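Bear in mind these aren't lab numbers, they're just calculated from the coordinates by the rules spelled out. Just so you know, these numbers come straight off a predicted model, no measurement behind them. Neighbour counts run over all protein chains shown; Cβ positions are idealised from the backbone, glycine included.
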């Protein structure tokens, strides 16, 4: 009888070695996962780099499997959403100010504290791996004992301290809360901020039959027509992905394209098109779409997604300010660059990357983009302008200035029914204004919406 037919059981020493090897492998994977999270946090908080780019580079350098990559991302985004409160907890247990040259100690402690207090990571794992990270950091290794002592105290009594803190006041910059107080009132500003700190659900735009696909995917159909999933896992694993049935797009981001109305057979220009959710909407609605973006890489990804969806659009690498195709379009969708303060729930790094002075600079860019778009639109055509900013200078005030400059344009109030866009989402002038605090009546895990402004403008014949 062969050895394969009658395998011998390993002896005690062999089994012990096998278990030790498994533990070492798990520790190595756990350390790599935490290293990715800490590297991404350092890039955002110290080097002021966008999180998505920083995380992609860090994860690629360590070749994480999908599950570990997802956990690393969760650790990092949890810290970014709750950094103020997490830091306040840590400060409770650190007796003296730390020196400036301490490597990545701050980010290591924040990541471990988030695991202990918010992610229910077993204390022995979170603490021991954080200590290992300190020891591996040339500038932070002398703080390994301190990290061990502080994190043990966090594990023992940090939860009570965390519950006593005001997460909104500690995490949001004063200048942003002050602006929201002025624009939306104290109660509204706090509702917006609280909603912005919650991890968002996954929203999908489906080509057709959302009810059937919501059932297959395990989501719900929102009044706006999007499908929302609370716990989706890997996007690629959901039914319909490889069939090109749907694409990822926040429910609010899916609304501006609908303001164009029936565009079947019309020529539509999508300015600043990447990442491409709105381009897909326009193509799926039967328009002849020209998608313009100055980033060749982002347009390449847009084209790849359109191919998966079985949709077509002409893509052009060009600065939207100087795009001159030699033709005019029936309709234009301008999703202008902005501070993106309405998307903090999806991009918490905005809390650390944006500054008050960004608002007037971007508002000036938006003004120039709008003025250029008027030259590309046919008489009688529709121009929809939108931003994912909560700042009036990038929304309501921008359109006020535009209409004062361009007397040949008139505002067209939202034409969609109240079930799709409730009256509370409409400005007094009939434009769209969604807030992160909208959809608060949905069940936990399904609440919230990106903050968007959109206006529909018609050029006189």
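Structure notes:
- Size of the range 155-296 as Cα extents on the principal axes (Å, biggest first): 59, 36, 33
- Spatially, the range 142-173 and the range 178-224 are offset by 30 Å when compared through their Cα centroids.
- The range 250-459, relative contact order in percent, only Cα pairs under 8 angstrom and at least six apart counted: 22 percent
- At R0 = 60 Å, FRET efficiency that the Cβ-Cβ distance of residue 135 and residue 461 yields, to 0.05: 0.25
- The equivalent ellipsoid that matches the C-alpha gyration tensor of the range 286-408 spans semi-axes of 25, 22, 12 angstrom, in descending order.
- Inter-part distance where the range 397-421 and the range 50-75 are each reduced to a Cα centre, Å: 41 Å
- Relative packing of peptides 272-285, 295-308, 324-337 - highest average C-beta neighbours within 10 Å first: 272-285, 324-337, 295-308
- Length-normalised contact order of the chain in % [C-alpha pairs under 8 Å, at least 6 apart]: 13 percent
- Share antiparallel - DSSP beta bridges, the chain, percent rounded to 5: 50 percent
- Between the range 320-380 and the range 248-301, the Cα center-to-center distance that results, in Å: 14 Å
- Cα gyration tensor shape for the range 250-459, rounded if a/c is under 1.5, else prolate or oblate: rounded
- Peptides 84-92, 340-348, 56-64 ordered by packing proxy, namely the average of other Cβ atoms within 10 Å per residue, highest first: 340-348, 84-92, 56-64.
- Here the extension length gained between residue 300 and residue 427 equals 42.1 nm, from 0.36 nm per residue of separation less the Cα-Cα distance.
- Cα gyration tensor shape for the range 175-250, rounded if a/c is under 1.5, else prolate or oblate: prolate
- Equivalent ellipsoid dimensions for the range 44-91 as semi-axes, Å, which come from the Cα gyration tensor, largest first: 22, 14, 8
- Ranked from largest, the principal axis spans of the Cα set of the range 272-354 equal 40, 30, 22 Å.
- Entry note: the range 367-461 has Rg to Rh equal to 1.03, where both radii use alpha-carbon atoms and Rh is the Kirkwood radius.
- Only Cα sites of the range 12-168 enter the Debye sum here, all with the same form factor; the resulting log10 I(q)/I(0) across q = 0.11, 0.19 1/Å is -0.43, -1.20, listed in q order.
- Volume per residue of the C-alpha convex hull in the range 415-461, rounded to whole Å³: 84 Å³
- Over the range 218-292, relative contact order from alpha-carbon pairs under 8 Å, at least 6 apart, %: 24 percent
- Square roots of 5 times each gyration tensor eigenvalue, C-alpha, the chain, largest first, Å: 44, 28, 20
- Sorted on the mean count of surrounding Cβ atoms within 10 Å across their residues, most packed first, peptides 152-159, 400-407 read 152-159, 400-407.
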